[in-house]
Each structure stands twice: as structure tokens, then as C-alpha cells.
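First up is the structure itself, then whatever we jot down about it.
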Amino acid sequence: MKQKVLNAYDWFLITGVIASNIIYTVLSGNVDIIGSVAGIAGVLCVVLVAKGSIWNYLFGLVNVSMYAYISYKASLYGDAALNALYYVPMQFIGWWQWRKRGAAVSEAEAEGKGVQVKARRFNWTQRAVLAAGCAAAVIAGGFILRHFGDPQPFKDSTTTVLSIVAQALMALAFMEQWALWIITNVVSVVMWVICVMRGEAHAAVMVIMWSFYLLNSINGLRVWLKLSR
């Protein structure tokens, strides 16, 4: 059955991030076009991910390309490499995987089968292995990034490692991606708040973006618990 793509909460997130960027621009007197476009495209992407819509990958490509540049300027090399070398190609891989799992891209395809991807989930043993593997990778990544002078090595490692795993789980349509996205979003908000205090360019709009990501990831977990049953 065809399903409505966006609901009132989704529109709240979309209009909220746009309004927040406008308010920031007015109050700061700083027109941050790159940061604002990246943030708005990112929220559109994650809202569509939460709905199981394949069109998230179009907005995701815009977001990750710009975010790679912003992260590099802020010396967050883990996030910069993650977005440029991993997220960009994963947008194309994810599109292909979601098509295989039944996500529709047109009204004609949606007729009679809905528009959402067919989601799935791990068992508890698989989740324990996932958690242990992520923890070990985060610790190792933190030491590596500290060696290369990253100003926030373990936070940067957390967002980098968990995002890599979550993006892969997203492409494969696993519900557990959302637990990782929630942790990633919380750490990212903290990381960019610190960048605001250091006076980094684009940092304030990144705080706005990641805050809306966090709100969406909580809703995404709720929706995908239903999709993966």
C-alpha cells in the first residue's frame, strides 16, 4: 500500500533547521552559505532515511561533500576523510542496495507496494559482537588521530568509526544503525560546540545540524523498529 512520505514531525525538523539557520545568520551577521546548505541537505537526508525513502541518498551526496570540506578546515581529519573517501561512494552503493530491497523511486513503482525499503535487524549475539568491535575500533582510532595532532582525537574517532559502521548498516537496511547514529550525533554536538568555543568557521551551523540529526535519529529508531518487524 502507498504510504505518505513525510509527516508533521518530519516537517518540523525540516522547517526547524531552515529557521535556525536564518536566525543564526541574522543574529551573527554572518552568511554561511556552505554550512547552511550542508546542514539543510543533511537534515533532509536523515529525515528521508528515517522514513525508509531511497531519495535520502540524493541529499546525502550534497551533505557529505560539503561536510568533508568543513571538517577539513576545522582540522577534524577523521571526519573529513570519512566523508570524502567513504560517505561519498556509499551514497551510490546505498542507492543500489535499497533498490534491491524494494525501495521505490517513482509513483508508478510505489503503486501496490509502498515506497519504503524492507528493513531487518540483528539478534542479541550479533549486537554484542557489534558493540565490542566498535569499542575496540574507537579506542584504536583515537590513539591514531592523537598521534597526527587531532585536537579531539577520541571524539573524532567515535564519530568516524560509528558513522562508518552505521552507514554500512544503513545501506544494508539494518535497524541497529539508529543506536549508532544516536551516539554519533550526541558526540558530534559536543565536538562542534567545542569548535564554536575555538572560533572555527561553520561550527555554529554544524551544532544546529547535528542537534536536528539527534532529534531525527531518535524518531528513526522508533520508525525502524516497526519497519524491521
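The values are calculated or read from the model by the stated rules, or taken from the named source; none is laboratory data. Note that this is a predicted model, so its numbers are computed, not measured. Neighbour counts are summed over all protein chains in view; Cβ atoms, including those assigned to glycine, are modelled from backbone coordinates with ideal geometry. Note: areas computed on protein heavy atoms with side chains; ligands, DNA, RNA excluded. Shrake-Rupley method; radii C 1.70, N 1.55, O 1.52, S 1.80 Å.
Among the criteria (1) out of contact with any Ser or Thr (no Cβ under 8 Å at 6 or more places or on another chain); (2) touching a residue at least 60 places away in the same chain (Cβ under 8 Å), the one residue 55 does not fulfil is (2).
Residues in the range 181-206 that are in a helix (DSSP H, G or I) and over 13 Å from the mean Cα position of the chain (by Cα): 190, 191, 192, 193, 194, 195, 196, 197, 203, 204, 205.
Comparison of 113, 118 shows that the only residue that is among the basic types (Lys, Arg), more than 22 Å from the chain's Cα centre (by Cα) and modelled with pLDDT under 90 is 113.
Note on the range 38-55: residues that are open to solvent by less than 60 Å² (accessible area, probe 1.4 Å) and either of a type in the set (Ser, Thr, Tyr) or more than 13 Å from the chain's Cα centre (by Cα) (or both) amount to 4.
Evaluate the following for residue 155: is it modelled with pLDDT under 90, touching a helix residue (DSSP H, G or I) at 6+ places or on another chain (Cβ under 8 Å) and open to solvent by 60 Å² or more (accessible area, probe 1.4 Å)? Answer is yes for this residue.
Just one residue in the set 173, 166, 179 is closer than 22 Å to residue 50 by Cα and either in contact with a Lys or Arg (Cβ under 6 Å, 6 or more places away or on another chain) or of a type in the set (Ser, Thr, Tyr) (or both); that residue is 173.
Assessment of the range 220-229 against the conditions (open to solvent by 30 Å² or more (accessible area, probe 1.4 Å), under 15 Å from the mean Cα position of the chain (by Cα), modelled with pLDDT of 90 or more and not charged (D, E, K, R)) yields at least one matching residue. Tallying residues that are without any contact (Cβ under 8 Å) to a residue 24 or more places away in the chain and either in contact with a Leu (Cβ under 8 Å, 6 or more places away or on another chain) or of a type in the set (A, V, I, L, M) (or both) within the range 59-70 yields 2. Each residue in the range 139-152 was checked for being surrounded by fewer than 17 Cβ atoms within 10 Å (Cβ to Cβ) and of a type in the set (Gly, Ala, Ser), and 2 pass.
Give the residues of the range 56-83 that are part of a helix (DSSP H, G or I), closer than 16 Å to residue 206 by Cβ and open to solvent by 30 Å² or more (accessible area, probe 1.4 Å), sorted by residue number. Scanning the range 56-83 gives 62, 65, 66, 69, 72, 73, 77. Residues in the range 1-36 that are open to solvent by 60 Å² or more (accessible area, probe 1.4 Å), among the hydrophobic types (A, V, I, L, M, F, W, C), in a helix (DSSP H, G or I) and free of Cβ contacts under 8 Å to residues at least 40 places away in the same chain: 8, 11, 12, 18, 22, 23, 26, 27, 33. Within the range 163-189, being aliphatic (A, V, I, L, M), under 18 Å from residue 81 (Cα atoms) and open to solvent by less than 10 Å² (accessible area, probe 1.4 Å) holds for one residue alone: 166.
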